[in-house]
1. Return a yes/no flag: does region 81-88 have any residue that is under 19 Å from Thr143 (Cα atoms) and touching a residue at least 40 places away in the same chain (Cβ under 8 Å).
2. Touching a residue at least 24 places away in the same chain (Cβ under 8 Å), more than 16 Å from Val206 (Cβ to Cβ) and surrounded by 14 or more Cβ atoms within 10 Å (Cβ to Cβ), is that true of Arg278?
3. For Leu142, which of the numbered conditions (1) at pLDDT 80 or above; (2) assigned to a loop (DSSP other than H, G, I, E, B); (3) open to solvent by 30 Å² or more (accessible area, probe 1.4 Å); (4) not small (Gly, Ala, Ser) fails to hold?
4. Filtering region 227-236 down to residues that are open to solvent by less than 20 Å² (accessible area, probe 1.4 Å) and small (Gly, Ala, Ser), which residue is nearest to Tyr260 (Cα to Cα)?
5. Looking at this structure, is Ala55 open to solvent by less than 30 Å² (accessible area, probe 1.4 Å), aliphatic (A, V, I, L, M) and touching a residue at least 40 places away in the same chain (Cβ under 8 Å)?
6. Just to be sure I understand the filter: pairs with C-beta atoms under 9 Å, separated by 6 or more residues or on different chains, first member in region 138-159 and farther than 18 Å from Glu105 by Cβ, second member loosely packed, with under 15 Cβ neighbours inside 10 Å and among the acidic types (Asp, Glu). Which pairs pass?
7. Any chance region 145-158 includes a residue that's at pLDDT below 80, out of contact with any helix residue (DSSP H, G or I) (no Cβ under 7 Å at 6 or more places or on another chain) and surrounded by 11 or more Cβ atoms within 10 Å (Cβ to Cβ)?
8. Given the structure, is Leu134 in contact with a Leu (Cβ under 9 Å, 6 or more places away or on another chain), at pLDDT 50 or above and of a type in the set (A, V, I, L, M)?
Amino acid sequence: MSCPFPRLHPLGVLLTICLFVFSMTAQTRSLSEEQLESYRKSLLADYYIGKPVRAKVTFPATAQGLEINDGKINVLPFSANQPVAARPGDLLIIKQVKFKRRSIEIEFAEKEAENKAWSLGSGKQQSLTLKPRLRLRFSRELTARDLSLQNLNLLLAMALDTSSLAPQTVELPRAVTTANQPKQAAGQLPAEQDIQVRDIPTAPTVAELAGAAPNIAELTIECSIGRARVYIDGAYSGWTPRTVRIVAGIHSILVLQEGYTAWEQRLIIPAGKVSLVRAELKVAAP
């Protein structure tokens, strides 16, 4: 009796299995790369959202906002009566970051237009609440090389002060010891640094900090309006009232809330102390 099934050559079977395994491996590798790219974009968005920056150029009040095409900024002239979304020096808060195939779109928190009533050209006027926008365009698809803090910050620096976007490290104040000068206490600023920071105030202290390392300080930030966003050295730190332990030294404190003017100050946070800072926010001018 003949077999109803065709006889398979062992070499052909082996080749079929190898091709199947190779196909599955390539598919898995491709999926992993897509997942890795998605994860990288998610991390970048989380890093940028909430960061405060200052505009270096004028942002147009248009749907696409300001554009940077292949590393070249597109700055348009503005007429006197044309509304703008942001002017040089304006404080902006990054609200959303979207990654597309050939562009990165950044949206900032809403900002009330300077001229609330803007003529539409037909005699009618409309009140504006503007969202400054920045779009990075590329003539090619985005690659892993584009999705890095360093490369993105280089592009953003064309339109924004990116000092708050770079990862910052705080160096410990170093003690100075010479033959005629005893070693300074931990957290005390050296003499040569004292000249540079003479105009920087020291945060008010309310108590000694027990049980912490000699170079550590505790800082509590309160606000006159209750809840407001806190940024320490450009990094988002939560809502007021906020208590953190940080390395003693010079720190920048920024407190923000919509509808109020920003409160920002550089302070010397002394080591081994509990410091209390109160931000007095004022209602922004209409």
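The values are calculated or read from the model by the stated rules, or taken from the named source; none is laboratory data. As the structure is a computational prediction, the values presented were derived from the model and not from experiment. Cβ atoms come from the backbone with ideal geometry, glycine included; neighbour counts cover every protein chain shown. Surface accessibility is based on the protein's heavy atoms, side chains included, excluding ligands, DNA and RNA. Shrake-Rupley method; radii C 1.70, N 1.55, O 1.52, S 1.80 Å.
1. In the first step, residues of region 81-88 are kept if they are under 19 Å from Thr143 (Cα atoms); the result is none.
No: region 81-88 contains no residue that is under 19 Å from Thr143 (Cα atoms) and touching a residue at least 40 places away in the same chain (Cβ under 8 Å).
2. Judged against the criteria, Arg278 is not a match.
3. Every condition holds for Leu142 apart from (3).
4. Checked region 227-236; the qualifying residue nearest to Tyr260 (Cα to Cα) is Ala228.
5. Details: open to solvent by less than 30 Å² (accessible area, probe 1.4 Å): yes; aliphatic (A, V, I, L, M): yes; touching a residue at least 40 places away in the same chain (Cβ under 8 Å): yes.
Taking the combined requirement at face value, the residue satisfies it.
6. Short answer, once both residue conditions are applied: Ala144/Glu33.
7. There is no residue in region 145-158 that is at pLDDT below 80, out of contact with any helix residue (DSSP H, G or I) (no Cβ under 7 Å at 6 or more places or on another chain) and surrounded by 11 or more Cβ atoms within 10 Å (Cβ to Cβ).
8. Numbers: in contact with a Leu (Cβ under 9 Å, 6 or more places away or on another chain): yes; at pLDDT 50 or above: yes; of a type in the set (A, V, I, L, M): yes.
Judged against the criteria, Leu134 is a match.
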